[in-house]
Amino acid sequence: MTDTLPPFRSLTFAVALAAFGADAHSAVIPWGYGAIARGGAGGDVYFVTNLKDAGAGSLRHGITSRNGPRVIVISVGGTVKLKSEIKINSPYLTIDGSMAPGPTGFTLEQATVDTPALKIVATHDIIIHGIRSAGVWVPKGPGGPNVNDAGTLSVDGDGAPGSPGWDPHPDACGPNQADRRSSCRIIIDRVTLSGAADDGPDFWCGVKDLTISRSLIIDNYHPRGTGCDEVYGESDSKSRQRITEYANVYAYNGERQPKLLEGIYDFDLVNNIVFAWQDYSSFYDTGVGGYGTAWEDDGAEDRHNVIANVWMPDTDGAQKRGCQQGTNKCRRGWDCVWGASTQDDDEVLLKADGLHYADNVFGPAHNPKECVSTATGQQPFFRPYTLPIHSTKSSASMELVLDDAGVQLRTARELQVVANVRAALRARLGP
């Protein structure tokens, strides 16, 4: 490899994938805001050849034993039982698990309850593709432990003012520690995430130019959050900007699919499927809780595209419906698309200064006249996007999203989830 980074040409892993004869279906496609990520293109190629936590041939060794860009190709199937989280804090890295052999590909299993299995921290130009990450959280039930802080994957800035290398400038995201505040130029594609109470995945504090696409996110309590717990405040809201969430499938999670907190600026939610939430968090806590999707308008110039997504209740009748606890106008329907509170059950609540909202589909009880609005001072806007759109007019089109989601060598549980979502799509959208 050379000491200087080569000109950016493509996001496919030409050298590594060619070694396995991979086709274009396996490769990352540069969609959304994260498309500018270089990953490890032009760097050396490292093969993961064992399932050890550390040492030569392990994933951890491939991430930490390098100077400069690297493409990591996983050539072994099975589960790595981690002893501690794997931290990615150096730039220009691609991890490709798409060629991991069967029966279920490559899985990271979380080590401890209070750290995610894989964590990207204050770095840039990272691509993660085709791996599974499993947390230790499971719904409370017969013989099942209940762990609050289980996580699978997180992307984080460098924390808070006073942290080493913290830079107050909201655009800081450079190769030098002194310039780094955010994690940026990141693609997370075709991963399967399960068993997270939090961080499954979370995008936290300084995060920008990020795409999560074609991923399967199931059996979590809190799968997806973006915010900073008000550490930076509204004035620094642009440290969380340009985020694309495209063609992902959420199923059997409690809530936060996704949840956006303070100051998320320029966010695209396009062609995602959200299925069977709410009651699945009641195992975690007492009573009914949880919601489909929620984000806040906090006066930080939020601008969002919300296009051609599908929200559906569970088809088995177990999921309770009705916004019984809140104050918005959607109390008699299961989806509260526009509301005054995030304390309602079963809700999908969208609020922004600018909201391009089009072609979204909800469960059969949905009342679009009552529940979808860009009123109360919110002005619709049209910001260009470059994503290919699957139509919500038919099940066949949205089933392409379902078929493409997550690690393609699926577990028995994943196959069952996919079958359930497919049945719900056909019942709601028709052929």
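Read the figures in this text as sums done on the coordinates, not as results from a lab. The shown structure was predicted, so the numbers you read here are calculated from the model rather than taken from an experiment.
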Extended-chain gain in nm, criterion 0.36 nm per residue less alpha-carbon gap, ALA427 and THR49: 131.7 nm
Going by amide H atoms built from the backbone, whose H comes under 5 Å of the H on PHE47, apart from near neighbours? VAL73
Unsatisfied cross-links (Cα-Cα over 26 Å) in the set LYS83/LYS259; LYS52/LYS87; LYS81/LYS119; LYS208/LYS259: LYS83/LYS259
Taking θ = phi - 60°, what integer Hz values does the Karplus form 6.51 cos²θ - 1.76 cosθ + 1.60 yield along the range 198-207, in sequence order, with x for Gly and Pro? 9, 6, x, x, 10, 10, 10, 6, x, 9
Expected vector for the range 56-64, Karplus 3J(HN,Hα) from phi with 6.51, -1.76, 1.60 and θ = phi - 60°, integer Hz, x for Gly and Pro, equals 4, x, 8, 5, 4, 5, x, 6, 8
